[in-house]
Amino acid sequence: MTKPTIALVLGDPSGIGPEVAVKVLSEQKNRELANILIIAEEYELRKGMDVAQASFDYQLVSSFEEAEFKNNTPALLTFKNSHADDIEYGKATAQGGQYVLDSLKIAVDLTLAGKTHGICFAPLNKQAMHMAGLAHRDELSWFAELTDYKDFGCEVNVVDDIWAGRVTSHIPFKDVVDNLSVESVLETIELMDRTLKSAGFPEPKIAVQALNPHGGEGGLFGDEEITIITPAIEKAKEKGIQAFGPYPGDTTMWIVQKQNMNSVVSMYHDQGATALKMMGFDRGVTVQGGIPLPIATANHGSAFDIYGKNIASTAAMENALITTVKMATTYQKKFA
């Protein structure tokens, strides 16, 4: 099978996105991973090269069909930002947000058509995207609309070989319990199982976290483990999924490492993510879990405060590209 083709988007040009993307692609070993189609205005790519003090050869194309990908040379599919005003740098702006929406939409369309096999995007900024008119709470919901995906989805955080998903995400903490059910926990476990298999884990082992302190202490500190979480784990096992727990939140990561598990399912946003980010925030990746296209990005923001300083770390962006390639290799088989 030929290498997958990855649509690479520079993220918000007002931040460090172009800088980290250029630094990653300036390394030959990264360009060798896949056929890279950069979707960007050439001016912004060149500006990223100036900031990063790094460069690489690329083929400028006006359509995907012109791309040759010879000798591991990326192709640059250029477009024009639909926002009328020039981009301001080092801050959240509607111009930067519109740039992200325009370039990601092209990437999604190409991947839905089977021309590219995955999307890797540099950091974006939700505030800027909302300033540009994004009606969804986050990019995950927007990707779901673009791909006509109507089932459950969640952001999956990845550090090294540990993948973490969550049953509830961007909601107030006071609403967490009301949004937990046997069905919602089960569908998160199932999503993690599918996502890990798409990334090359044939039989992923999934640790499911408890909600309450000490796992509820048999109902003394809460009964959600008894009435919701354990029944969901049992249903997952009946479907052949290797799901274990529920484990107390404060010891889950220790158990995952000790028993060489691949994944964590948390009940709320910060429960598993906090520990995971402590393990390697500077190299973490976010995968758009559930979306029927391989989509990954660096697990950090646009860092407007260090725009133009050439000090941004590239580990997370590099890992995002590697992760996208792994998932895209599986996705590519659909079009073989």
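The values are calculated or read from the model by the stated rules, or taken from the named source; none is laboratory data. The structure displayed is predicted, hence computed values, not measured ones. Note that each Cβ is placed from the backbone with ideal geometry, even for glycine, and that neighbours are counted across all protein chains shown.
Identify all residues within region 158-182 that are of a type in the set (D, E, K, R) and in contact (Cβ under 8 Å) with a residue 40 or more places away in the chain; write none if there are none. Those that are of a type in the set (D, E, K, R) and in contact (Cβ under 8 Å) with a residue 40 or more places away in the chain: Asp160, Asp161, Arg166. Within region 234-257, if we keep just the residues that are among the polar types (S, T, N, Q) and touching a strand residue (DSSP E or B) at 6+ places or on another chain (Cβ under 9 Å), the residue that is modelled with the highest pLDDT turns out to be Gln242.
If only residues of region 287-321 that are assigned to a strand (DSSP E or B) and at pLDDT 95 or above are counted, the one that is nearest to Asp161 (Cα to Cα) is Val287. Ala199 satisfies every condition listed in (1) at pLDDT below 95; (2) buried (at least 21 other Cβ atoms within 10 Å of the Cβ); (3) farther than 30 Å from Ala312 by Cβ; (4) not β-branched (Val, Ile, Thr) except (3).
Here's the yes/no breakdown for (1) buried (at least 17 other Cβ atoms within 10 Å of the Cβ); (2) in the same structural domain as His117 (by TED's automatic domain parsing); (3) at pLDDT 95 or above; (4) under 18 Å from Leu77 (Cβ atoms):
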{"position": "Glu19", "(1), (2), (3), (4)": "yes, yes, yes, no"}
{"position": "Val22", "(1), (2), (3), (4)": "yes, yes, yes, yes"}
{"position": "Gln28", "(1), (2), (3), (4)": "no, yes, yes, no"}
{"position": "Ile36", "(1), (2), (3), (4)": "yes, yes, yes, yes"}
{"position": "Gly48", "(1), (2), (3), (4)": "yes, yes, yes, yes"}
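How many of the residues making up region 138-194 are part of a helix (DSSP H, G or I), outside the structural domain of Ile119 (by TED's automatic domain parsing) and among the polar types (S, T, N, Q)? Final tally of qualifying residues: 3. In region 228-244, the residues that are at negative phi form Cβ pairs under 7 Å with partners that are assigned to a loop (DSSP other than H, G, I, E, B) and surrounded by fewer than 19 Cβ atoms within 10 Å (Cβ to Cβ), at six or more places apart or across chains, as follows: Ile228/Ser181; Gln242/Glu203.
Looking at Ser141, Ser181, can you tell me which residue is hydroxyl-bearing (Ser, Thr, Tyr) and more than 22 Å from Thr323 (Cα to Cα)? Write out each step before concluding.
Values: Ser141 fails: more than 22 Å from Thr323 (Cα to Cα).
Result: Ser181 is the single residue among Ser141, Ser181 that is hydroxyl-bearing (Ser, Thr, Tyr) and more than 22 Å from Thr323 (Cα to Cα).
Candidates are the residues of region 108-136 that are crowded, with 23+ Cβ neighbours inside 10 Å and of a type outside the set (A, V, I, L, M, F, W, C); the one that is farthest from Ile38 (Cα to Cα) is Asn125. Residue-level check: of (1) within 18 Å of Val9 (Cβ to Cβ); (2) crowded, with 17+ Cβ neighbours inside 10 Å, Glu145 misses just (2).
Residues of region 98-126 that are touching a residue at least 60 places away in the same chain (Cβ under 8 Å) and among the polar types (S, T, N, Q): Ser103, Thr111, Thr116, Asn125. The single condition among (1) of a type outside the set (Val, Ile, Thr); (2) within 17 Å of Ala303 (Cα to Cα); (3) touching a residue at least 60 places away in the same chain (Cβ under 8 Å); (4) not in a loop (DSSP other than H, G, I, E, B) that Met129 does not satisfy is (3). Of all residues in region 5-57, those satisfying the criterion of being assigned to a helix (DSSP H, G or I) and in contact (Cβ under 8 Å) with a residue 60 or more places away in the chain are Gly17, Pro18, Glu19, Val20, Ala21, Lys23, Val24, Asn30, Val51, Ala52. Return yes or no: is Leu60 assigned to a strand (DSSP E or B), more than 25 Å from the chain's Cα centre (by Cα) and not hydroxyl-bearing (Ser, Thr, Tyr)? Yes. Any chance region 203-225 includes a residue that's of a type in the set (A, V, I, L, M, F, W, C), assigned to a helix (DSSP H, G or I) and touching a helix residue (DSSP H, G or I) at 6+ places or on another chain (Cβ under 6 Å)? Within region 203-225 (the criterion being of a type in the set (A, V, I, L, M, F, W, C), assigned to a helix (DSSP H, G or I) and touching a helix residue (DSSP H, G or I) at 6+ places or on another chain (Cβ under 6 Å)), the answer is no, since none of the residues qualifies.
Which condition number in (1) within 30 Å of Gln53 (Cα to Cα); (2) not in a loop (DSSP other than H, G, I, E, B) is the one that Phe244 fails? Looking at each condition in turn, Phe244 falls short on (1).
Only residues that are surrounded by fewer than 24 Cβ atoms within 10 Å (Cβ to Cβ) and at positive phi were counted across region 282-329, and they come to 3.
Going by the structure shown, is Gln332 more than 24 Å from Lys126 (Cα to Cα) and modelled with pLDDT under 95? In short, yes.
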